Number of protein chains: 2
Amino acid sequence: MTTYGLLIFDGVEELDFQGPHSAFSISARMRDDGDTVLLLAERPDPITGERGMRVLPDHTLNDHPPLDVLLVPGGDAKTEVSNPVLVDWIQRTAATVDWVTSVCVGAFLLHEAGPARDRRVATHRLYEDRLEARGQITVVRDARYVVDGNLVTSQGVTGGIDLALWLIGRLHGRDHARAVRRHLQYDPAPPYLADEPLAHVAR
Amino acid sequence: MTTYGLLIFDGVEELDFQGPHSAFSISARMRDDGDTVLLLAERPDPITGERGMRVLPDHTLNDHPPLDVLLVPGGDAKTEVSNPVLVDWIQRTAATVDWVTSVCVGAFLLHEAGPARDRRVATHRLYEDRLEARGQITVVRDARYVVDGNLVTSQGVTGGIDLALWLIGRLHGRDHARAVRRHLQYDPAPPYLADEPLAHVAR
């Protein structure tokens with residue numbers, strides 16, 4: 001039985017937590033073993049993400065069940081490093097969970113709160129220099145996600161999907177992680193990787 | 001200026017619309033040209049997705065600006081084919097937009113409402129037979145997304161990200177679509193594609 005806690009806040013980059021939320025939730029449904037996936041916020045009101053999506057949390061930071069996995073997404077995580085409520089909660093919670101994870105610039109919050117100090121991490125490619133300039137951290141620039149002990153951090157936005165699938169496999173086995181990947185139908189085919197003549201055919 | 005309308009409903013598979021929402025929204029921010037990305041629902045209350053996430057719509061189906069792109073996600077779309085309000089709205093709206101799109105089993109709603117009749121489509125791999133059994137439709141089983149005239153349909157869940165990036169490139173150019181992909185840092189690295197000894201190193 002695994003309880004996943006995904007932090008959300010105003011200005012969060014939505015897909016940073018929504019990708020892992022789907023992967024963890026599909027895993028929970030397939031395992032039928034009481035796993036739960038919870039969205040946690042400072043207040044019970046809807047948060048508004050960086051792209052304008054309004055999402056309701058399941059619990060507040062003061063009232064949630066014990067967690068096994070903590071996930072810190074990015075977006076305005078860069079400015080939330082100045083929010084003592086979030087930083088204190090992350091610090092306290094990280095000390096009690098089995099796995100501490102971040103997506104994108106969520107690594108800034110994990111650095112501010114402590115868990116990413118003196119560790120190897122990944123972050124969004126545009127913020128690698130800025131994170132490393134904070135000191136006491138090694139940014140790995142050529143890995144989709146980085147596992148350092150019980151700390152797992154991913155590159156930007158969509159990187160959280162790969163991180164979540166890896167962690168699901170670590171917790172519940174590779175075969176199960178592969179089944180979750182198949183249900184997500186995560187066989188990516190990003191367009192425009194080649195530069196070929198456009199076929200602007202008539203409709 | 002492009003207005004994207006993403007339909008949401010109780011039981012929607014969250015990531016089906018959340019992936020495209022991020023891609024379209026990041027595109028809008030980068031283009032700085034008044035593009036808007038709207039979540040549309042039958043009622044103004046929060047919807048609850050298949051994985052339990054509660055999301056607020058931006059507009060109801062009776063009160064939204066004209067759309068250029070319609071996106072129909074999956075999840076309980078299979079049962080929503082019996083909801084005349086959604087089906088009628090899709091039928092009317094599809095006739096006014098430039099592009100009609102679906103993700104996952106959203107193709108069932110597009111078939112019920114008409115736009116996918118006698119067309120080539122993609123859907124979630126578990127529902128290909130069932131969709132084809134409805135008749136008057138050709139399911140393409142080995143393509144991530146399928147473009148048939150102004151109808152673009154994708155395979156399950158994460159397929160919507162690739163579909164959205166393709167459409168962004170078709171609307172606003174390949175270079176722009178590539179910039180959006182870089183911002184999403186969509187360089188997928190799904191884990192466990194190989195079967196190698198697990199390194200269960202001590203933390």
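Using only side-chain charges placed at the Cβ, +1 for Lys and Arg and -1 for Asp and Glu, the dipole size of the range B:3-183 relative to its Cα centre rounds to 580 debye. The relative contact order of the range B:103-199, computed from alpha carbon pairs under 8 Å that lie at least 6 residues apart in sequence, is 23 percent. Under a Cβ-Cβ cut-off of 11 Å, what is the net charge of the residues other than B:L70 that fall near it, where Lys and Arg count +1 and Asp and Glu count -1? Within the 11 Å Cβ shell, the charges total -1. The local environment of B:Y192, defined by Cβ-Cβ distances under 15 Å, has a net charge of +1 under the rule Lys, Arg +1 and Asp, Glu -1. With the label put 7 angstrom out from Cα along the Cα-to-Cβ vector, B:D63 ends up 3.1 nm from the copy partners, going from closest to farthest. Dividing the summed helix terms, -39500 (n - 2.57) for each DSSP H run of n ≥ 4, by the number of residues in chain A produces a 222 nm estimate of -10500 deg cm²/dmol to the nearest 500. Extension gain for B:Q136-B:R170 works out to 9.5 nm (0.36 nm per residue, less the C-alpha to C-alpha distance). Per residue, the average separation of C-alpha pairs within less than 8 Å and at least 6 apart gives the range A:3-183 a relative contact order of 22 percent. Counting Lys and Arg as +1 and Asp and Glu as -1 over every other residue whose Cβ lies under 13 Å from the Cβ of A:E132, the net charge comes to +4. The residue list A:Y145, A:V100, A:L61 was ranked by how far each Cα lies along the charge dipole of the range A:3-183 toward its positive end, using unit charges on Cβ atoms, and A:Y145 comes out on top. Label point of A:R170 (7 Å along Cα→beta-carbon): distances to the other copies' equivalent points are 3.9 nm, sorted ascending.
Bear in mind that the values in this text are calculations on the coordinates, not laboratory data. Keep in mind it's a predicted model, so treat the numbers as computed, not measured. Here the Cβ is made from the backbone with ideal geometry for all residues, glycine too, and neighbour counts use every protein chain on show.
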